[in-house]
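Okay, so here's the structure we're looking at.
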Amino acid sequence: MKTYVINTSNSPYSLLKPVPIENVKLMDNFWLPRIEKLKNNTLPMQYCFLEKTDRINRFRWASGKLSVKPEKSIYPFDDSDVYKWLEACAFMLAQDPKCGLKNFVNEVVSEIIPAQEDDGYLFTEYHNQRSRRWTNLTFDHELYCAGHLIQAAIALHRSIENTSLLNTAIKFANLISETFNSKNIRGVPGHPEIEMALIELYRETDNKRYLETALFFLNERGKGLLKPVGNSMFYLYDLLGAEYFIDHKPFRELDEMVGHAVRSLYLNCGATDIYLETGEETIFKTLIKLWKNFVNCKMYITGGAGSRYISEAFGENYELPNERAYAETCAAIANIMWNWRMFLATGNAKFTDIMELALYNAALAGISLDGTKYFYTNPLADRGKVRRQPWFKVSCCPPNIARLIASLPGYFYSISSEGIWINLFASSKARINYRANIIEVVQRTNYPWDGVIEITVNPLEIMDFALFIRIPGWADRAYADFNKKKIKLKPGTYAKFMKKWSVGDKIMLYLEMPAKLMIANPHVMNNFQRVAIKRGPLIYCIEQEDNPTIDVWNIMLRKSSKFFVEYRRDLLGGVMILKSRALIINGDIWKEKLYQTYQKPLFINKEVEVIAIPYYTWANRAPGPMTVWIPILSG
Ligand SMILES: [Zn+2]
């Protein structure tokens, strides 16, 4: 059995085919320690929280093992945290089948299965209340939880050949298909998620019915079916509006990213999955329109998504506040999931570029360096107030970041009819089944701290094929040593290397990685006359802890500011820091003042040294101010 992030091996419109998670062995200092922490700390601790907060007890209550309904689990969507945790464990077990997580997994699965009702229904909130079923799709996440159950079951089936939970998921998926599709009860999920799950189930079982049900949900969306039930939720629905649910117009008519960021991005994931199976051009054109709007007008420089604190939603174009950024960790993960699917459809590096950006920045900031605490929101500026928490009442983010990191090896490589594609970089060894051959690809690199990558290809038998290597769009210049020639490469594309490959053939890749000052579109009013620092795939920030003598919100850079890189093995798990000289805004003229008549100079004419650290590492030490966007002195 092979474990995939998603299995598009037989999807007719997936140009790229996946490489199983277990076939890529990471051997690097960046991701491998994170995966080890995930296995040893994160997932066992999350299991404790699932128990402590009664999330697993809810299944025990539904199956009759507990007579009183547990009180600590309060939200109707709490089941989904258990499922996402299971999916993360499944991806981990694919890499290390003997790891201790298996016992926890078996225990949790054995509590879920008996909670299923006779006809296949499984949602603990409505357990044994038939009259409540499907009555509040707008707010109660019934189909959302079903989607996560299906995904967890598929992952466990692929990684440890567990068929029992898959049978449970199939039974529930059949009930959903009968209810909504065959009987044609009209309704759509308030929170998209089940669409991509049903398509993955179609990929796993070859039963077309699940694809049809996913398409049914996409087609019914935008017809105003999501309404409040009775009077109780009317006020909330009125406040949020149909856009919040992306139910204000049919999917194929959408041209702007609106509404709840995770719902919106999950919907796009599902729609892309439908495209990968059906090739419907209208869907793809809509996806491209939405992607352009997202990347050009609504995405944070970190790859974060969702700028409105209220309703966890996208704002207007260029509405990207820093201190009040919502940028939910789940939305960054959804961004990665969507761009992965868009890449599989096209082979276009612009999608893997965004995926990498969100991975190293917006998503990775969502988990602490020790793997035990999480951000729900990911601001780009702070006064030391926002801190990661070990768990949340609404705890979607912790198991979501866990399943992303656990599945990461599955994103490194792809296969097409022409050859093998390298999407991400880290010291690693991959074993890729290609046609009737086995190709070992070995990467040696210090990525993301430097851009030198040695790639060795070891085919079992000598073979002609193309090796496509992603040349990241952030690189100013890129070169390769290949076939004893130095070749200039185009950033933002996949470079194609053709050869009759034999054991030990090498490509040396050089991606220039200077620290750069980035500016935002001037209509992003919060960032006007400010710069952000980027080096390679990493966005940097300035945090108080490294700059104790100055308030980092008072720093100003010059256009000519130069950055010096220094690797600090002992800092934040080992990071490349950036040092520069900066001016200091004159705090004295602002004492007890909010406004004053314009005057010069705003800054003290004295330079200080400032240290910047990768954004993903912030808030791992003493609380203090932090900022990504820094004012710049023009001229
Ligand atoms: Zn979340």
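The values are calculated or read from the model by the stated rules, or taken from the named source; none is laboratory data. The model shown is predicted, which means the values in this text are computed figures rather than measured ones. Neighbour counts run over all protein chains shown; Cβ positions are idealised from the backbone, glycine included.
In the stretch 285-330, the residue that is farthest from the ligand (Cβ to nearest atom) out of those that are over 14 Å from M525 (Cβ atoms) and among the charged types (D, E, K, R) is K285. When we screen E87, E117, E111 for residues that are out of contact with any helix residue (DSSP H, G or I) (no Cβ under 8 Å at 6 or more places or on another chain) and in the same structural domain as F172 (by TED's automatic domain parsing), the only hit is E117.
Residue-level check: of (1) more than 25 Å from E323 (Cα to Cα); (2) in contact (Cβ under 8 Å) with a residue 12 or more places away in the chain; (3) more than 29 Å from the chain's Cα centre (by Cα), V565 misses just (3).
For the stretch 381-402: of the residues being over 20 Å from the mean Cα position of the chain (by Cα), in a strand (DSSP E or B) and not basic (K, R), which is farthest from the ligand (Cβ to nearest atom)? My answer is A381. Among the conditions (1) more than 16 Å from the ligand (Cβ to nearest atom); (2) in a loop (DSSP other than H, G, I, E, B); (3) touching a strand residue (DSSP E or B) at 6+ places or on another chain (Cβ under 8 Å), I354 misses just one, which is (2). Considering (1) hydrophobic (A, V, I, L, M, F, W, C); (2) modelled with pLDDT under 95; (3) crowded, with 20+ Cβ neighbours inside 10 Å, the lone condition that M233 does not fulfil carries the number (3).
How many of the residues making up the stretch 81-123 are assigned to a helix (DSSP H, G or I) and touching an Asp or Glu at 6+ places or on another chain (Cβ under 8 Å)? Within the stretch 81-123, residues that are assigned to a helix (DSSP H, G or I) and touching an Asp or Glu at 6+ places or on another chain (Cβ under 8 Å) number 2. L320 fulfils the conditions (1) among the hydrophobic types (A, V, I, L, M, F, W, C); (2) part of a loop (DSSP other than H, G, I, E, B); (3) in contact with a strand residue (DSSP E or B) (Cβ under 6 Å, 6 or more places away or on another chain) except for a single criterion, (3). Against the test of being at pLDDT 95 or above and touching a strand residue (DSSP E or B) at 6+ places or on another chain (Cβ under 8 Å), the options A331, A313 yield a single qualifying residue, A331. With the requirement that a residue be surrounded by fewer than 21 Cβ atoms within 10 Å (Cβ to Cβ) and more than 16 Å from the ligand (Cβ to nearest atom), what does the stretch 370-380 give you? Answer for the stretch 370-380, where residues must be surrounded by fewer than 21 Cβ atoms within 10 Å (Cβ to Cβ) and more than 16 Å from the ligand (Cβ to nearest atom): D370, T372.
Among the numbered conditions (1) assigned to a loop (DSSP other than H, G, I, E, B); (2) farther than 15 Å from A332 by Cα, the only one that I301 does not meet is (2). Kindly state which strands (runs of 3 or more DSSP E) lie completely within the stretch 522-635 and contain at least 2 residues that are under 20 Å from N378 (Cα atoms) and among the acidic types (D, E). So the answer is none; nothing clears 2. Considering each residue of the stretch 38-55 in turn, at least one proves to be crowded, with 19+ Cβ neighbours inside 10 Å, in contact with a Cys (Cβ under 7 Å, 6 or more places away or on another chain) and in a helix (DSSP H, G or I).
Considering (1) closer than 20 Å to E356 by Cα; (2) out of contact with any Cys (no Cβ under 9 Å at 6 or more places or on another chain); (3) not small (G, A, S), the lone condition that P459 does not fulfil carries the number (1).
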